[in-house]
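The values are calculated or read from the model by the stated rules, or taken from the named source; none is laboratory data. None of these values were measured; they are calculated from a predicted model. Note: ideal-geometry Cβ built from the backbone for every residue, glycine included; neighbour counts use all protein chains shown.
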Amino acid sequence: MESVQTGTYKVIGQGLTRPDADEKVRGQAVYADDFHVPDAWYGAIVRSPVSHGRLKGLRRNPDFDWSQVVVVTPEDIPGNNIVDMMGRDMPFIAYDEIQYVGEPLALVAAPTRHLAREAAANIEPDIEELPALCTLQEMVAQYKKDPEQLHELSAQTIRKGNVDEALAEADMVIEREYSAGHQEQLYIEPQGMVAIPEGDGTLFIHGSMQCPYYINPELCETLDMPPEKLRVKQSAVGGAFGGKEEFPTLIAGYCALLALKAKRPVKIIYDRNQDILYSTKRHPSWSRYKVGLKKDGTIHAIQCEFLLDGGAYTTLSPVVMYRGILHSAMGYRCENVAIDGHVYRTNTFPNGAFRGFGAPQALWAWESMIDELAAACGMTPQAFRLQNCLRLGDATPTGGLLRDSVGSPEVLEKTLERCGFNEKWDRCSRGKPGERKWYGIGVSFFAHGAGFTGDGEARIKAKVALDLEYDEQRAPIVNVRISSTEMGQGTCIIMPQIVADAMSIDLKHAAYPMPDTFKVPDSGPTVASRTAMVVGSTVYSAGQKLKAELETFVSETLCDGQPVVLRDNAFHAEYDGKQIPFDEGAAAYLASNGPLRVYDQFKLPPHIKWNQKTFEGDAYPAYSWGCNVVELEVDTLTYEIDVTKITAYYDIGRLLNPIMAMGQIQGGLIQALGYAAMEKIEVKNGKYDADRMQTYVIPTAMDGPEMDLHFVEYPWDHAQPGAKGVGEIPMDGLAPAMANALEAASGVRLRDLPITPEQLFAELQATQPRSA
Amino acid sequence: MATTFEEMNCAFPANLAEALELMSDEQTRGRPLAGGTDLMVQWESGVLPMPERAISVKHLPELRTIEESDDAVIIGSAVTHMQLRRSDAVVRYLPSLADAAATIGGYQIQTMGTVGGSVANASPAGDLAPSIMISDGDVIVASVRGERAIPVNEFWTGYRKTDMAEDEIIVRFRLPKMPEGACEVWRKLGPRKAQAISKVMGSCRLLISDGHIEQFRVAIGSVAPVCVRLRAVEELVTGKPLNEEAIAAAEACAAESVKPIDDIRSKADYRKWVTGRMVRGFLEQSLG
């Protein structure tokens, strides 16, 4: 087995403060709406009022003064009217069939925001309305009746062993269905972008985003522009959570099309209401399981159907579904697995990326199911998990071998022990009458694939660069040039930490400037818990290359050809013991040769094998592992549910910056609490009902329970420094742990997210009718 | 109609008399604007059309004080939620009102929002309404024609409707103090623990003597077009011994007394049931 020797780390592993903390806390960070662009016009969008229909025409009000306004319709698009994502089925501007409420029908720009909106309101579409399918519930009902009638956007299967035979052999077969609704990312600042036509024929796109290299190629076809003419730069981002992964291409496209026609900068900043109505959300999901068990509690067969409500177009939904099915039977030993994943169209805004990317939906169902399976064979949830959980050397549902860095079962054992699960499990209320409060405890255990799903990393081949150059004070600096963005998670501190240790220099000599596609190579998108592991390890090896280049230079030019080692921020000559501080050596290089750029590229370890057609092999280069225990109380007077404590252990590989990592876990758990118990959107006449922060309720600090959170470190063995993913795993386990705890408290099982007092009331009324 | 805040004309009268003068004339009349925590949101979102004129009343000194008489607390209409929750008189004599004010919005909203604004907004989810109603006090409104007292229980006439004339401004509230030995309880069910708009909320005032219920007043919000006093429940238990029998009867009667709806925040059947449960909780709390 190939293994990289573990380095010794000085800066990595320290909870250092991020360099952007001060300006963000003081409100000085420059977000998309903060920078002043002289002569910029404002854009507005004419949107479809119907969920599904055929566009017959657009009528401009002849009484409106159109002289001050620029209008873009499909005829004005220089290239193809296609948003170049996975399906190539989405137009920038609808021209024939309309697929959702809010779909753009025309774009408008004007000198003021108000005038732009007024102009948009003076364009009236003529639409022939068609029947629409707008909700997960309608979609699932149709799936059960006749799936052929649904419009399938994507499908994929996983097969291992023989499930039909295994179900027949099983001592018992348990069938269950679970579902979950939309979740809005609700980042701090809404979507916003500006497009600026430059004098040299380039188009500069600047705004709120997490993946600059999505926008660049995706817009080139539409604008009929070579990639080198399109410059994309990220502004400060106050959170994205996936909501700024693929969506910004759309708003960037609207700005770009308007700017090219108006021949001036055009800016579009959504307000919160527009942002919730007309941007992506987490896919609503439905899972149906049929699981065969042996009497001794062995899981003998897992059959699963996993459905996502894709919204109107394909966008990234196939990959969300892939991650979903890859996590739908993950974590436990089973020789016979059959999973069918589907994404179907509904007539709503396309659903998209959101922290966890299909895994939270899958694990919500699967980890609820595990408790139901344990109960069916008369075991406690903890004993069932300990008996069946995957361990080092076991195979995943796709037959991938867990070769190394496996935090299971340690995270499970440690969490159960830490919170005193066994003893607390025995005193759960289970709906006992006459109690003022019901107490319950529940557990979830899960793995989260680190890095892009399936063949993603092999395709992306993440490229990174390090630039040795002068900073503004004319001091030598190593700038990390990657397209991975800072959006709150701490990229801006972990990357300099990695460079510092890779080169053995002080942290102050390394920096992370915000990505600009004219300066950074394509390191792939900032998604999939991949930045620290994939891009971070490549930055580390680039750092080692840069170190070697400088050592050679210093040896030849300053040390008479003696071997030279850069160590502890100084070049050490081997024979005469001469020491040259890093910045002197680097300055000498710059003075003699000018700036130095080194590149490196991510390479998967050779043993990682994956078949993208059959979904067999190693779906991910590594997994992070986690265990959540939720304790809660139900007020029996009102059925209000109060999560009082979360105990958790995580294995995210090498901890690069424990403070940042803990911040990800804490914040992610609060976001997961919203998903589990608060955040609810229903589609009414094709429109989201909760379309403001007044009605879309997320947790506040007051809702945060006591948290007892810990890490165990199983570094990824195949690249230094050995981080795995932390970004998404906090979203994965809270909802099922809460539903499991709620059953222990109340005696009833809820299978739809979010879990609410209203739902508990309805379920308790149904199972134990009582007189009012 | 104004279409932007810039177009809206906002007057800042020097005193109450000047404000009433502006309100008296159709040409100068405007929407009274206090903290703006409801209106600004409704205007911006288009829930309410933006008026051409607004008249700021929050700064008027006549409306900003809390005073005490022998039997009542007199609260100016521009008193903020923050003032309410911190007022000794309110905490002591109208404790459920102080508790309710403490659950409205966050600090920013509590610092801007006012009692008069919340009452004039006439939302069935207005968190101050139940505590005001159980005091059986008066809303004092004024115009150039003079002042008049409207009993609080007659002030709200329908969903977002009040008994005020278009030239009138709420100037203060006269809310009788809780009797000696009585207690008040406020309870709010929201989707989260802070900054929540209520699913159901309510207040009660309870006086027990000799194990009997001498006085019970209860009002519940978010279960009807206006916040409601549950008179049938009050009558049912007054004079009865405080025991499980009375509590069960009150719970059943309360659930039957309200006609809630399904909306974005909750479900009708849950609201109906939980209204009874809240009344049970109010009475059980006093049982100890």
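List of remarks:
- Those strands (runs of 3 or more DSSP E) lying entirely in the range B:1-85 with at least 2 residues at pLDDT 95 or above and of a type outside the set (Ser, Thr, Tyr): B:31-33, B:53-56, B:66-68, B:72-76
- Qualifying residue in the range A:309-331 (condition: at pLDDT 95 or above, more than 23 Å from the chain's Cα centre (by Cα) and either assigned to a loop (DSSP other than H, G, I, E, B) or not polar (S, T, N, Q) (or both)): no
- Residue in the range A:504-527 that is crowded, with 24+ Cβ neighbours inside 10 Å, polar (S, T, N, Q), out of contact with any His (no Cβ under 7 Å at 6 or more places or on another chain) and not assigned by TED's automatic domain parsing to the domain that holds A:Trp716 present: yes
- Some residue of the range A:708-721 being in contact (Cβ under 8 Å) with a residue 60 or more places away in the chain, touching a helix residue (DSSP H, G or I) at 6+ places or on another chain (Cβ under 9 Å) and within 14 Å of another protein chain (Cβ to nearest Cβ): no
- Scanning the range B:179-195 for residues that are surrounded by fewer than 23 Cβ atoms within 10 Å (Cβ to Cβ), in a loop (DSSP other than H, G, I, E, B) and either within 12 Å of chain A (Cβ to nearest Cβ) or in contact (Cβ under 8 Å) with a residue 12 or more places away in the chain (or both) turns up B:Pro179, B:Gly181, B:Ala182, B:Gly190, B:Arg192, B:Lys193, B:Ala194, B:Gln195.
- First in the range A:206-230 and outside the structural domain of A:Arg88 (by TED's automatic domain parsing) and of a type in the set (Phe, Trp, Tyr), second anywhere and crowded, with 21+ Cβ neighbours inside 10 Å and assigned to a helix (DSSP H, G or I), Cβ under 6 Å, 6 or more apart: none
- Counted residues, the range A:653-704 - those being at the interface with chain B (Cβ under 10 Å from one of its Cβ atoms) and either part of a loop (DSSP other than H, G, I, E, B) or within 29 Å of A:Val629 (Cβ to Cβ) (or both): 24
- Qualifying residue in the range A:753-768 (condition: farther than 26 Å from B:Ile197 by Cβ, charged (D, E, K, R) and either in the same structural domain as A:His448 (by TED's automatic domain parsing) or buried (at least 16 other Cβ atoms within 10 Å of the Cβ) (or both)): no
- Meets criteria (in contact (Cβ under 8 Å) with a residue 60 or more places away in the chain, surrounded by fewer than 21 Cβ atoms within 10 Å (Cβ to Cβ) and either out of contact with any helix residue (DSSP H, G or I) (no Cβ under 8 Å at 6 or more places or on another chain) or not assigned by TED's automatic domain parsing to the domain that holds A:Pro595 (or both)) for A:Ala458: yes
- Residues that are more than 13 Å from chain B (Cβ to nearest Cβ) and surrounded by 24 or more Cβ atoms within 10 Å (Cβ to Cβ) were ranked within the range A:633-647; the one that is nearest to B:Arg277 (Cα to Cα) is A:Ile646.
- Residue count for the range A:260-287, restricted to those that are assigned to a strand (DSSP E or B) and either farther than 18 Å from A:Ile325 by Cα or more than 24 Å from the chain's Cα centre (by Cα) (or both): 4
- Failed condition for B:Pro49, given (1) within 14 Å of chain A (Cβ to nearest Cβ); (2) under 15 Å from B:Asn121 (Cα atoms); (3) surrounded by fewer than 17 Cβ atoms within 10 Å (Cβ to Cβ): (1)
- From the options A:Gly161, A:Gly238, A:Gly201, A:Gly253, residue that is out of contact with any His (no Cβ under 7 Å at 6 or more places or on another chain), buried (at least 19 other Cβ atoms within 10 Å of the Cβ) and not assigned by TED's automatic domain parsing to the domain that holds A:Ala374: A:Gly253
- Candidates A:Asp394, A:Asp426, A:Asp404, filtered to the one that is among the acidic types (Asp, Glu), more than 19 Å from A:Tyr649 (Cα to Cα) and within 29 Å of the chain's Cα centre (by Cα): A:Asp394
- Members of the range A:705-726 found to be surrounded by fewer than 21 Cβ atoms within 10 Å (Cβ to Cβ) and part of a loop (DSSP other than H, G, I, E, B), listed by number: A:Pro705, A:Val712, A:Glu713, A:Asp717
- Of the strands (runs of 3 or more DSSP E) lying entirely inside the range A:384-499, those containing at least 1 residues that are modelled with pLDDT of 95 or more and of a type in the set (S, T, N, Q) span A:437-450, A:476-481.
- Within the range B:197-206, the set of residues being closer than 15 Å to B:Ser123 by Cα and either assigned to a strand (DSSP E or B) or within 7 Å of chain A (Cβ to nearest Cβ) (or both) comprises B:Ile197, B:Val200, B:Met201, B:Gly202.
- The range A:558-591, subset touching a residue at least 12 places away in the same chain (Cβ under 8 Å) and polar (S, T, N, Q), residue nearest to A:Lys547 (Cα to Cα): A:Asn569
- Within the range A:478-489, the presence of a residue that is surrounded by fewer than 24 Cβ atoms within 10 Å (Cβ to Cβ), over 30 Å from A:Tyr332 (Cβ atoms), touching a Phe, Trp or Tyr at 6+ places or on another chain (Cβ under 6 Å) and hydrophobic (A, V, I, L, M, F, W, C) is excluded.
- For the range A:243-252, the criterion of being part of a helix (DSSP H, G or I), touching a residue at least 12 places away in the same chain (Cβ under 8 Å), hydrophobic (A, V, I, L, M, F, W, C) and in contact with a Lys or Arg (Cβ under 9 Å, 6 or more places away or on another chain) is satisfied by no residue at all.
- Residue within the range A:648-666 that is surrounded by fewer than 17 Cβ atoms within 10 Å (Cβ to Cβ), more than 30 Å from A:Val478 (Cβ to Cβ) and among the charged types (D, E, K, R) present: no
Residues checked against (1) surrounded by fewer than 24 Cβ atoms within 10 Å (Cβ to Cβ); (2) over 16 Å from A:Cys627 (Cα atoms); (3) in contact (Cβ under 8 Å) with a residue 40 or more places away in the chain:
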residue: A:Val319; (1), (2), (3): yes, yes, yes
residue: A:Arg323; (1), (2), (3): no, yes, yes
residue: A:Asn347; (1), (2), (3): no, yes, yes
residue: A:Arg355; (1), (2), (3): no, yes, yes
residue: A:Ala359; (1), (2), (3): no, no, yes
residue: A:Ala362; (1), (2), (3): no, no, yes
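- Only helices (runs of 4 or more DSSP H) whose full extent lies in the range B:220-288 are considered here, and the ones with at least 2 residues that are surrounded by fewer than 20 Cβ atoms within 10 Å (Cβ to Cβ) and facing chain A (nearest Cβ under 9 Å) are B:244-257, B:268-287.
- Of the listed requirements (1) farther than 30 Å from A:Pro284 by Cβ; (2) surrounded by fewer than 20 Cβ atoms within 10 Å (Cβ to Cβ); (3) touching a Pro at 6+ places or on another chain (Cβ under 9 Å), A:Asp84 misses just one: (1).
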